[in-house]
Structure formats: C-alpha cells, structure tokens
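Comments concern the structure below.
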Amino acid sequence: MRSSESYPGEPGAVAAARHLAARFLSRVGMGGAAAAEQTVQIVQLVVSELVTNAVRHTDGPCGVDLELTGQTVAITVWDTSPQLPVVTEHDPTRVGRHGMEIITALCGGFQVARREAGKQITVRLLLADAAV
C-alpha cells in the first residue's frame with residue numbers, strides 16, 4: 001500500500017504531512033491499540049523531521065511518499081534543493097539541528113538519492129520496532 005502528497009514549501013506542510021502519515025497508518029490497520037498509537041507517533045515524528053528540513057532548507061515544494069511492505073514502512077521525502085543533509089555530531093548542549101540525528105536513531109540511517117531537481121531522502125522503519 002502506498003500514499004503520496006506534494007506540498008508547497010511552507011510551514012503548514014509539516015502538519016499536513018503528519019496527518020498524511022496518521023491517515024496512511026490508519027488505512028493499513030495501525031490505529032487503535034497503545035502500541036499502534038506509539039507507532040503512529042514515531043512515524044509522524046520521522047515524517048515531521050524530514051519535512052521540516054525540506055521546508056526550512058529549501059525554497060520550493062516538497063513531497064512525501066509512504067509505502068508499506070510487509071511490516072516495514074518506507075518514508076521518502078523529496079525537495080528541490082541539491083544540498084545533501086548533514087548529520088551533526090551528537091551534542092546534548094546544542095539547541096536545534098537534531099533532526100537527522102533523531103532520524104538515524106529511530107531508523108538506523110537513511111538513503112539519499114539525487115533527483116532531476118533536488119534530492120530525496122528515504123528511511124525505513126520496521127513497525128514492530130516502533131511499537132516497542
């Protein structure tokens with residue numbers, strides 16, 4: 001199962017993408033139980049961090065693609081900037097710039113692919129791990 005949306009590069013895109021993730025997981029049967037609610041929250045956090053980066057660091061549209069394969073959800077966010085994401089070294093005293101650090105901790109890493117106009121970042125999250 002798959003769901004995709006495109007957004008203008010504006011702050012409202014973050015909330016819209018979080019809603020997309022919740023609707024998607026509800027459609028695939030992840031709504032209701034406490035573990036499932038935690039899964040929804042983690043997927044929404046990952047989507048939120050990636051879309052926030054797309055909105056904050058680019059000046060064009062962005063998009064989200066969610067795909068469920070077995071028990072893994074692939075989250076892909078594209079934007080129009082060719083600049084690749086930077087994971088900064090862990091620093092608990094730093095304010096901000098923790099997005100990709102959070103993504104790496106929750107998803108074990110990410111893949112970046114260049115697009116004709118920009119890039120896309122894909123992460124995979126095993127839903128069973130998100131429910132723990």
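What to note about this one:
- Test: residue in region 6-15 that is modelled with pLDDT of 95 or more and polar (S, T, N, Q): yes
- Answer residue from region 74-114, given it is of a type in the set (D, E, K, R), surrounded by 11 or more Cβ atoms within 10 Å (Cβ to Cβ) and closer than 20 Å to V55 by Cβ and is modelled with the lowest pLDDT among those: R97
- Tally, over region 46-73, of residues that are part of a strand (DSSP E or B) and surrounded by 16 or more Cβ atoms within 10 Å (Cβ to Cβ): 8
- Residues that are touching a Leu at 6+ places or on another chain (Cβ under 8 Å) and either part of a helix (DSSP H, G or I) or among the polar types (S, T, N, Q) (or both), drawn from region 1-16: S3, S4
- L68 passes every criterion in (1) at pLDDT 90 or above; (2) in contact with a strand residue (DSSP E or B) (Cβ under 6 Å, 6 or more places away or on another chain) apart from (2).
The values are calculated or read from the model by the stated rules, or taken from the named source; none is laboratory data. Values in this document were obtained by computation on a predicted structure and should not be read as measured data. Please note: Cβ atoms are built from the backbone with ideal geometry, for glycine as well, and neighbour counts cover all protein chains shown.
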